[in-house]
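Note sheet for the following structure.
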Amino acid sequence: MSETTEPLVRFDSVQKSYDGEILVVKDFNLDVAKGEFVTMLGPSGSGKTTCLMMLAGFEPATHGEIYLEGVPINNVPPHKRGIGMVFQNYALFPHMTVAENLAFPLEVRGLGKSEISDKVNKALDMVRLGGFGDRRPAQLSGGQQQRVAVSRALVFEPSLVLMDEPLGALDKNLREEMQYEIKHIHENLQVTMVYVTHDQSEALTMSNRIAVFDDGIVQQLAPPSELYEKPMNAFVAGFIGENNRLYGEVKEINGDYCQVELEGGGGMVKALAVNIGGVGSRTTLSLRPERTTIGAAKESSTNSLEAKVEELIYLGDHIRSRVSLSGNDQFIVKVPNSHGHVHLKEGETTQIGWEADDCRALDA
Amino acid sequence: MADNTTAGEVVLAADGLPLKASLNRAMRKSRRRALFLVAPLFIFVLFSFLIPIFDMTMRSVDNWHVSTLMPETTKALEGWDGEAMPEEPVFAALILDLKAGAISREIGKVGTRLNYEKSGLRSMITSSARKSKKVTEGPYKPQVLKMHKRWKELETWKVIKRNTAPYTIGYYLNAVDMKYDNKTGDIVMQSEDRQIYTTLFIRTFAISLAITLICVVLAYPISYLLATLPVRYSNLLMIFVLLPFWTSLLVRTTAWIAMLQSQGVLNDLFVFVGLVDDADRLQLIHNLTGTIIAMTHILLPFMVLPLFSVMKTIPPSYMRAALSLGANPVVAFVRVYMPQTLSGIGAGSILVFILSIGYYITPALVGGTDGTLISNQIAYHMQSSLNWGLAGALGALLLFSVLALYLIYNKIVGIDNMRLG
Amino acid sequence: MNKLMKMSALAVAGVALAGMASTAQAVDLNVVSWGGAYTASQINAYHKPYMKANPGVKLNSLDYSGGLAEMRAQTESGNVTWDLVDVVLSDAITGCDEGMFRPIKIDSEMAKAPDGTPASKDFLEGTLLSECFVPQIIYSTVFAYRADAWGGKKPTTMADVFDTKKFPGKRTLQKKPVNNLEWALLADGVPLNKIYDVLDTDAGKDRAFAKLATIKKDVIWWTEGAVPPQLLADGEAVFGTGYNGRWFSAIAEEKQPFAMLWDGQVLDIDGWAVPAKGKNVAAVMKFVKYATDTQRLADQAKYISYGPARKSSGPMVSKHATLGIEMGPHMPTSFADQGFLTNFAWWADNGDEMTERFNAWLLKN
């Protein structure tokens, strides 16, 4: 976070409760810089949409303050916040044509007729819907409606655009296409975006930074690569990407590393001490499937354990292998389908090895 | 292959029959099934609705009485020019008809029919029919003229002559406050102190319109509340809205009277808070105010239900989207929310308007002088005066004006846009 | 078509009658009346004893709200299910003129008085106004007022009803021209026996409406008979018109502070009419003969305060069956000299015109 430039959006210890008994958002802090693409990612009910609604002004914060360009906005009604928003079901006004939908924010701002039609045409061109201005939303496909919704949120040139699971209703191919489209719009217009989704690949594809939500708390706020490679706790490690878990007890801590004795009789392994208590505390070891080697000689890796091959799934570019290791029979290893790699058979016993830096000891 | 593609070529199915025929055959079974499913309703509607309506409409032009029950007189009057009193053959025919009618005891119907055109002809016909039994031989003219003074009036004969025609527009003239001038035979306005039906038509439409508007104004906020509240609260509220449906008319009427009369609860309250003086309490019932209050109360659910069902389908994100786009709440409501409820407003308005046009018990009970609507007159002519021809004409006019309104509505709003929930 | 239907209906009726005669007396009769306390009094006085004496006859009591609409519909369709109808005299006249009801020879078909007087002499004068009608009771439409409304002052004449200065307060009148026009003329000084002569002239009609207009703003118009006693009880009105039976029960049973104003009471007659195309005419005529004999008419007065239509029944009227009140002073027949009988012939001729004029007058301010 840069000290010199004011963040565009700041959540300052924001809390939210609907019923006065349960906090759906517990102490939420977030700074969003100008031009940034920040995604709030989390399972449903984790509080991410609530945070977005508080930012948009549709839900009041129970406690704490939200700032937009340094100004507290808790008491600013939604229509005065100047924030563009794309809704989950697009919320295109069904009784207006596409062009009228786009003109709506400009009309309520009192722009002139010719200016409005210029801007509307430009916005439609931007999302490649040049000839569709006279249609009703119901006459468009899901993807087209989505693009209209995005361009409507942008047409009045807000500095901040919020998107609430905008791609949830699209099928998989269209969703991927739209991810890139939104990403490109973001890059071209340099507009700040706050995006809410429960789809991690969507988040990883599009965002500068991702806030992972669970249980009303931001578990980790980091760029996608860091989130994937350096998860700070077991929830993030499990939520983002595929992840092997091993449980154990911390026996010894040496600077950045620690020695962990595995439950299930796997013996001692060396791991990166990321998020653990003292010696004797329980820990979860997190290990990405692609960071393990299989069939390696015992000496070539820091850690090496014996494993039994339970199941092989042929996936073309790689073979997904489920092995049982230290009592965990859901341990996944990806074996590249290339020359020079071992070819396993089900039931056979092999060695699985990994480096201490790839094995993160996290909270239990 | 090439000759198969010529224009107009019949496309053949796999078995060589034309595709259309095959399709028809395949569809016939499902069509028969559909027919079978709607048949009971169709028959019910036919006998309980269409045939009675047709029958009443026919009665509004049917004029069988004179030509059927006084066939001889009808024939004898064929050549009469209407300039001078008819001659002996007509009177001879009249005596024949009166005698036959007295025996069949149906001559009263002629009297009733003629009395619609001119008051007093009923007793002329019935008393003359009684007296005709004693007439044995001619000349008949002097004997008939002695039977009743009205036989001497040329007007009487013109009325009879006019009504020998098997069809009449007389009932429709009556229904729009017009009549035949019995002296000249021209169509003229009804005398001023008997003009009632046009006033009542206008009044009925005006009151119905007022009730519809009040219903829209009252139902809109409550429907909005119902549609946005959580289901457990909205169900409870809905019961209050539907309560008028579940109480009998008499209970409701008694309740209104207890509430609204000048010594009633509402006036007591007004006096208590000092809103009105005890000496001049408000007259809230037995007048137009009472009619409108009571009918609005009854018909409100018919507005709430379609509005509610339409509003229920509008997700809150539309309003939020409008706000996020910079519209203040009022603009957002007017430009985004309201247009989407138009179909509900339309459906509710049509329901309430048509129902209020047809209401007559409530206005009769709580309406006092102002409570007479056109349907009260229709009911009166159906049940009391037995002038079914006029009742049919009034009913047909009402039906046609409602249909016309419906067509206009369809033209403006489009009936496809109407949602009843 | 119409003729064919009628003939076939007749044929069916004929066959049915023949069948009826052969299977002895087992017969169901549908007797239609006004319902409520009135029908109850008929059941007590007529139906029960008759069914006891004639085990083969079952009398079904049906209710209707008056008027001839249903009767005409049945007659026109040729399927008449009513066997006997309790009608007001004016409806009997209209129905008789239209051939809905069967003419009855009153002397040969109805019972003599106990002293041997023929029926036509025993029924009160002026009650046998239709050949299709057997009189049953005399009732009246009459004014009552709140006895406590003006301190010690009491209205005594029809003129007082129209005097809103001397007797201020709302009046509740039935929303139809019949009676109201007569009362207006009466209040305007026309003697009882001249009312219809005056009303038959255009000037007389104008005069009646003009007099009625003097109290128009003080009138609450009623359409349901239950309303006027209620309005008086609630203090909404001080004068009201209504059937004397209803006033009787309000005063005698509910102890309301009302008093009767017998002056100008309009006597009316209620009685039996037999549908001409009914299916059990012979059986019905037997019942009507029984139900209108001297004893039965006197019996009915024990249950309701309407006067019997036979002279010979008068002296036999005694006390109310449950209240124990002497019924004589509550019978409209006891005040017959202060009242008059509606001229039904005049109303048959002028009813439509007067009703239109009355409704138009109501709408004018």
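Structural remarks
- Those residues of the stretch A:169-183 which are part of a helix (DSSP H, G or I) and either among the basic types (Lys, Arg) or touching a residue at least 60 places away in the same chain (Cβ under 8 Å) (or both), in sequence order: A:LYS172, A:ARG175, A:LYS183
- So C:SER65, is it surrounded by fewer than 15 Cβ atoms within 10 Å (Cβ to Cβ), in a loop (DSSP other than H, G, I, E, B) and of a type in the set (S, T, N, Q): yes
- Only helices (runs of 4 or more DSSP H) whose full extent lies in the stretch B:289-384 are considered here, and the ones with at least 1 residues that are within 14 Å of chain A (Cβ to nearest Cβ) and at pLDDT 90 or above are B:317-324, B:329-332, B:338-358.
- Residue, farthest from B:TRP388 (Cα to Cα), within the stretch B:143-192, restricted to residues that are of a type in the set (Val, Ile, Thr) and out of contact with any helix residue (DSSP H, G or I) (no Cβ under 7 Å at 6 or more places or on another chain): B:THR184
- All told, C:LEU185 falls short of being of a type outside the set (S, T, N, Q) and in contact with a strand residue (DSSP E or B) (Cβ under 8 Å, 6 or more places away or on another chain).
- The stretch C:251-295: number of residues that are outside the structural domain of C:ALA184 (by TED's automatic domain parsing) and assigned to a helix (DSSP H, G or I): 13
- Among (1) buried (at least 19 other Cβ atoms within 10 Å of the Cβ); (2) within 14 Å of another protein chain (Cβ to nearest Cβ); (3) farther than 30 Å from B:ILE107 by Cβ, the one test that B:LEU226 misses: (2)
- Exclusive hit being buried (at least 17 other Cβ atoms within 10 Å of the Cβ), within 14 Å of chain B (Cβ to nearest Cβ) and in contact with a helix residue (DSSP H, G or I) (Cβ under 9 Å, 6 or more places away or on another chain), set A:MET40, A:MET53: A:MET53
- Some residue of the stretch A:337-354 being hydrophobic (A, V, I, L, M, F, W, C), in contact with a strand residue (DSSP E or B) (Cβ under 8 Å, 6 or more places away or on another chain) and at pLDDT below 85: yes
- Filtered residues of the stretch C:84-117 (kept if away from every other protein chain (no Cβ under 13 Å), within 19 Å of the chain's Cα centre (by Cα) and of a type in the set (Asp, Glu)): C:ASP86
- Only listed residue being in a helix (DSSP H, G or I) and away from chain B (no Cβ under 14 Å), chosen from C:PHE335, C:PHE358: C:PHE335
- Residues that are surrounded by 21 or more Cβ atoms within 10 Å (Cβ to Cβ) and under 11 Å from the mean Cα position of the chain (by Cα), drawn from the stretch A:207-223: A:SER207, A:ILE210, A:ALA211, A:VAL212, A:PHE213, A:GLN220
- Considering residues of the stretch B:238-253 that are surrounded by 15 or more Cβ atoms within 10 Å (Cβ to Cβ) and modelled with pLDDT of 80 or more only, the residue farthest from the other protein chains (Cβ to nearest Cβ): B:VAL241
- Boolean, B:LYS141 is surrounded by fewer than 17 Cβ atoms within 10 Å (Cβ to Cβ) and away from chain C (no Cβ under 11 Å): no
- Hey, C:SER77 hydroxyl-bearing (Ser, Thr, Tyr) and surrounded by fewer than 16 Cβ atoms within 10 Å (Cβ to Cβ) or not: yes
- Taking the stretch C:256-299 as the range and being over 30 Å from C:ALA184 (Cα atoms) and among the charged types (D, E, K, R) as the test, the residues that pass are C:LYS277, C:LYS279, C:LYS286, C:LYS289, C:ASP293, C:ARG296, C:ASP299.
- Selected residue (criterion: nearest to the other protein chains (Cβ to nearest Cβ)) from residues of the stretch B:112-138 that are assigned to a helix (DSSP H, G or I) and basic (Lys, Arg): B:ARG122
- Options A:VAL98, A:VAL127, A:VAL76, A:VAL71; residue that is more than 10 Å from chain B (Cβ to nearest Cβ), β-branched (Val, Ile, Thr) and over 24 Å from B:VAL336 (Cα atoms): A:VAL71
- Filter result for B:LEU269 (surrounded by 14 or more Cβ atoms within 10 Å (Cβ to Cβ), part of a helix (DSSP H, G or I) and not charged (D, E, K, R)): no
- Hits in the stretch B:114-140 - residues which are within 17 Å of C:THR94 (Cβ to Cβ) and touching a residue at least 60 places away in the same chain (Cβ under 8 Å): B:TYR116
- Among the residues listed as C:GLY307, C:GLY278, C:GLY324, C:GLY242, the single one being away from chain B (no Cβ under 14 Å) and free of Cβ contacts under 8 Å to residues at least 12 places away in the same chain: C:GLY324
- Residues that are farther than 27 Å from B:ASP62 by Cα, within 13 Å of another protein chain (Cβ to nearest Cβ) and touching a residue at least 60 places away in the same chain (Cβ under 8 Å), drawn from the stretch B:385-417: B:VAL413, B:ASN417
- The residue pairs whose first member lies in the stretch B:189-206 and is at the interface with chain C (Cβ under 9 Å from one of its Cβ atoms), whose second member is surrounded by fewer than 16 Cβ atoms within 10 Å (Cβ to Cβ) and part of a helix (DSSP H, G or I), and whose beta carbons are closer than 8 Å, counting only pairs six or more residues apart or on different chains, are B:ILE196/C:LEU363; B:THR199/C:LEU363; B:LEU200/C:LEU363; B:ARG203/C:LEU363.
- Among residues that are within 12 Å of chain B (Cβ to nearest Cβ) and modelled with pLDDT of 90 or more, C:ASP202 is included.
- Candidates A:LYS183, A:LYS230: the one that is closer than 24 Å to A:LEU287 by Cβ and surrounded by fewer than 22 Cβ atoms within 10 Å (Cβ to Cβ) is A:LYS230.
The values are calculated or read from the model by the stated rules, or taken from the named source; none is laboratory data. Remember, it's a predicted structure, so these values are computed and weren't measured experimentally. As a convention, Cβ positions derive from the backbone with ideal geometry for all residues, glycine included, and neighbour counts pool all protein chains shown.
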